[in-house]
Every structure is written in structure tokens, then in C-alpha cells.
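Working notes for the structure below.
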Amino acid sequence: MAKSHKLGLRPYFLRRIRGTATAGRHLPRSGQDYNRKAQIQMFETVAVLVIFFFLIAFGLSFYFLVSKTQASKEYERTLQLRSITFTQKIATLPELDCVRVTVQVERCFDSLKTDAFRHILQNPGIKDDYFALFGYSNVTIQEIFPSVHTYQLYDRALPNASASIPTTIPILLRNPHKNTYSFGVLRVTLYA
Amino acid sequence: MVASSKSGQLEVPLNWLFILIAGGAILITFFAFIQRQQSASELSIAENLVSDLESIASVAGTAKGTAQQIDFPEEDITIGCTPDCSCLFSIGAISKPFGTNLIYSPNLIRGPNLVLYSIDWNVPFRANNLLILTNSRTRYILITPTLTPPINRLISIIPNMTNLRVAKGPEAQTAKNQRQPEGKIRFIYFSQGQCDDFRGIELDEQDFSCLEVDLEKHTLDFYYRNRAGTILGPDRQTYLSEGDLIGALFTESPDQYRCNSQAEMLRLANLASVYQRRAANVTTSTCGKSYTDAATQFERLATEARKAENASKLLLHYSILSNLSEEFIRLSCKPELF
């Protein structure tokens, strides 16, 4: 209050309330009157600017929020796509596939190759060679019918993984000795 | 009165000054924001394109013998490997490693028509799928005086959608003068000492490369032009099978070919170990053939591939295994060798 009085605001408003200051232009103006008017205009401008920037900040924060949500959805979509591609890649690995007279059988794993590959992957050096392919993932082959067996092919978990995407596809497991097939699934969990 | 008029005189310019400063600040803020958004958007587009290309390549890599034409934006795609075999493809500021995909391509390709072709690498069992990435603006001229059966076979395998032309007979003599405006040109010879002649030919700004293939010795001599326009080479490499030979036809940089070969060798070594163990585990055979020899051959192949030094030894094991497999197939042996 004291401050506004010092600036000369209070006497001006008091005069207007008391009727001594009616219409500004009919009264002789002092330097204080002009100061007050300028101050009011300045406050108005500042207030408009504050509101303007507030609205911009609000708009921007809303925009960034929407962008963030979209980005996280896109990230999720990319991860899922990567997981599917990765599973498809494993399903066609020459280290696992069935070949009959030089013709590759789709989504079929040779049980002898599977055993050999699983054994070879226990060698840390070879497991490192395959890191570029498998990355941080868990690859399991599960025989479902007629017998039930689970073989873990590869496992390397990502410490502090933020997401793990499981993908399962049906496969055939061929026993080349007997030339018989079993039903199974390939389970792949990709860590990200 | 004098004081008040002075104050009034000052107020108007000060107001304008304030408006100018505030307006300028607002404009600068918006301009900076738009600039930032624009660069972010460009990055995002490049990132999406690189991801799309990676996905396309990964999916194509799971199928063998497929060729597809891809409509792609007219962006420059830079593909290459460093001498320490860090292989990347880049669009704008965004780069991605090849990963497990083995990509054979020119150093720079541009949309809108990309061609992606996958071919299996048989050595003599399928060890990998190789990807060939090119575009319609890159012209390949295969120059041979006569079409021998191996060359004919090569031409029949390569899909028509690649811009490959065959110059044979008298046409082979004038093929050197062909140019590809707004694109690359690659000359492929099946005899020695041909690419060297280009050192004396005026090539202007033509983006040129040349390859000499020796089908007998399984060697490849790469010639290419550096940024200064000097023709470098020959950079000699070897190939094992039809798959990597076709890869070499489309690969401009010997470094990229060498890095792909190294990755192939490592994969071959590991795969041969899988087959070696598989053959060793075969307990019964329907044809009375022993799998022990095969297991030994697989082991030798794995050892040689791990060394990756002697191509002729690798070719020898390749040939032995190929003959063994044919014999197993002929006798209808179960299980198959591979």
C-alpha cells in the first residue's frame, strides 16, 4: 500500500472516488498522473504477456505430453516388430532347420541339429559369436506332442531390462533317424 | 507542463521499444522452436527410414532366392564398412549397423526404386542368406567375349529388376565407353587386366567401379575410384561359392566385401561345428555309410573357416563335403548329411 502511495497511485484513485478526478482529459495533468497511467499500461502489458506465455507453456507442455505418449507407443510397436522379425530369423536359422534333399522345410527344426547347436552354444566363445544374432534374449524350444520336452537354446538376460517381449510360434521337430515329426513351439523372449 | 510533455514524449518510444523487444523475443522463441522441431522431424524421418530398411532387410534375409522392388523416398543411403569391419547403413545423420544381415551393395544408393535380392550361401550346405541391395540408377555391365555355361548360369540367377546388361562379342569391345548419367556404373570382366585400362580413359565425373573375376582361381580384383578421382586397385579377394560371387558383382567397396566374408567365415565355422557334432551323434544309418568321415571333414572345414586364411583348402573341404552329400543322397541315406 505504502509502495503504491509512493508511486502516486492512491491519491489518483482516491480523487476519482471522491469525484475530484472525473475524466482525466478535463483536468490538468501533473507528471505523477502520466506516471500512473504509464504504470497501469505497463502492468496491463505485463499481465497480457504473462497470460500469453502461460498459454504457450501450457500448450507446449500438452504437445510434449502427447508427443511422449506417441513416442512410447511407437517404441512399443518397434519392439514388437523387432521381436517378430527376430523370432522369424531364428525359425529359419541354418543351425536348426530341416533340410530334405537340399530343400529347406519351413518352420521345422532338425532335432539332431538342435541338440548339437544347444551343446555348441555352451561354449562361451561361440555364445559370444552368436550374441550379434541373439542379443539379450531367451530362446526355448518346447516339444508338445507326442512327448513333452523343453530345451533351452540360449539365455542371456539384460540386467535392468525395461521390457521383455515374448513371442511364440508353432514349429515341427523332425527326428532324422526315424523320419518322424513332433509338434512344438519356439518361445522367444526379447529383452529391451 | 514541461515535465509532463517530456514524460509523454518519452512514453511512446519506450512503449514501441518494449513492443519491439517483447515481439523480437517471442519471434526468436518461436523461430528456435520451429528450427528444433524441423531438425527433430528430419531426424525422425531418417530414423524411420533406417528402421524400415533394417526391417525390410531382416525379413528379406529370412527367405532365400527372393527379389523385390522397394519404393523408397529419394534419400541417399550410404552403405559401408570401416577397415575394422564396423558396417553401417546411414540416411542423413542416422546410422544403423548391418547386424547379422550380410549386405552387398554399392557405397551409395538412392530411391525411389531399390532392389533387394536374397540368395542363399551354399558351402555346400546353406550357411546364410546373403542380401544384395541396389537401385535402378546403378548400372552393371557384364563384359565377356563369350557366354560360357558358368557365366550363363550367373546371369540366369540374377533377377531382371537389377540394371544388369550383358555385353558380349563385338559389343564387349565398346562397352568401356558406356556411361551412366546421374548414377553409378560398374564393369564386370571375367578375364584379367581389363579394369587397368580405365586408368587411361577419361571418365569425367562418372562414379565408376570395376571388377575382374577369375572363375578358375575363385579370385576377385576390385577397382574403384576415390574422391579425388584416382582409380585404386586391384584389391584381391576370394570367393567360395556362387552366392558370394554374386554378392561381389554388386559390391563396390572391397572393404565391405572383406567384412562380409569375415562374418560369413565365422558363421561357416560355427555351423560346420554344429554339423560335425550332428554327424558324430548319428548312431544308425540306413545305407551302411559311416558318418565318421563326414564328421572329420566338417571339423576340418570349421578349423579352416576359423583361420580364414587359405581359400584353396576351404574349397577342397567344400568339394569333399559336396561329393559326400551327393553320395548320401544317391544312396538315399537317412539321416541326410545336411
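The values are calculated or read from the model by the stated rules, or taken from the named source; none is laboratory data. Because the structure is predicted, anything quoted here is derived from the model rather than measured. As a convention, Cβ positions derive from the backbone with ideal geometry for all residues, glycine included, and neighbour counts pool all protein chains shown. When the accessible area is computed, the model is the full protein with side chains, heavy atoms only, and any ligands, DNA or RNA have been set aside. Shrake-Rupley method; radii C 1.70, N 1.55, O 1.52, S 1.80 Å.
Structure values in brief
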| read-out | value |
| --- | --- |
| Per-residue [θ]222 nm for chain B (sum of -39500 (n - 2.57) over DSSP H runs n ≥ 4, rounded to 500) | -15000 deg cm²/dmol |
| Segment B:263-330: relative contact order in percent, alpha carbon pairs under 8 Å with at least 6 residues between | 35 percent |
| Cβ-Cβ FRET estimate between residue A:149 and residue B:74, R0 fixed at 30 Å, reported to 0.05 | 0.05 |
| Inter-label distance, nm, simple model (7 Å from Cα along the C-beta direction), residue A:77/residue B:196 | 5.7 nm |
| Tensor-based shape of segment B:186-338 (alpha-carbon gyration tensor, a/c under 1.5 rounded, otherwise prolate or oblate) | prolate |
| Which of B:50, B:166, A:103 is most accessible, then next, and so on - probe 1.4 Å | A:103, B:166, B:50 |
| Segment B:47-262 - Debye-derived log10 I(q)/I(0), Cα point model, q = 0.09 Å⁻¹ | -0.32 |
| Average other protein chain Cβ within 10 Å of Cβ, residues A:112-125 | 4 |
| Rounded accessible area of residue B:217 (nearest 10 Å², 1.4 Å probe) | 140 Å² |
| Whole-Å distance, taken between Cα centres, linking segment A:34-111 and segment A:134-192 | 30 Å |
| Beta bridges per DSSP with both ends in the protein assembly as shown, % antiparallel, nearest 5 | 75 percent |
| Range of Cα positions in the protein assembly as shown per principal axis (Å), largest first | 125, 69, 33 |
| Exceeding the 20 Å Cα-Cα cut-off - candidates A:113/B:334; A:113/B:307; A:89/A:113 | A:113/B:307 |
| Area accessible to solvent at residue A:144, 1.4 Å probe radius, in Å² | 80 Å² |
| Residue mean of other protein chain beta carbons inside 10 Å, B:271-284 | 5 |
| Inter-label distance for residue B:215 and residue A:69, nm, one decimal - labels placed 7 Å from Cα along Cα-to-Cβ | 6.4 nm |
| Among beta bridges that DSSP assigns inside chain B, antiparallel share in %, nearest 5 | 65 percent |
| Mean-position separation - Cα centroids, segment B:254-312 and segment B:134-193, in angstrom | 34 Å |
| Highest-fluctuation residue, B:40, B:311, B:269 considered, GNM on chain B with Cα pairs under 10 Å | B:40 |
| Taking all pairs of distinct alpha-carbon atoms in segment A:135-192, Kirkwood radius in angstrom | 12.4 Å |
| Rounded tilt (10° steps) of B:292-307 against the dominant C-alpha axis of chain B | 40 degrees |
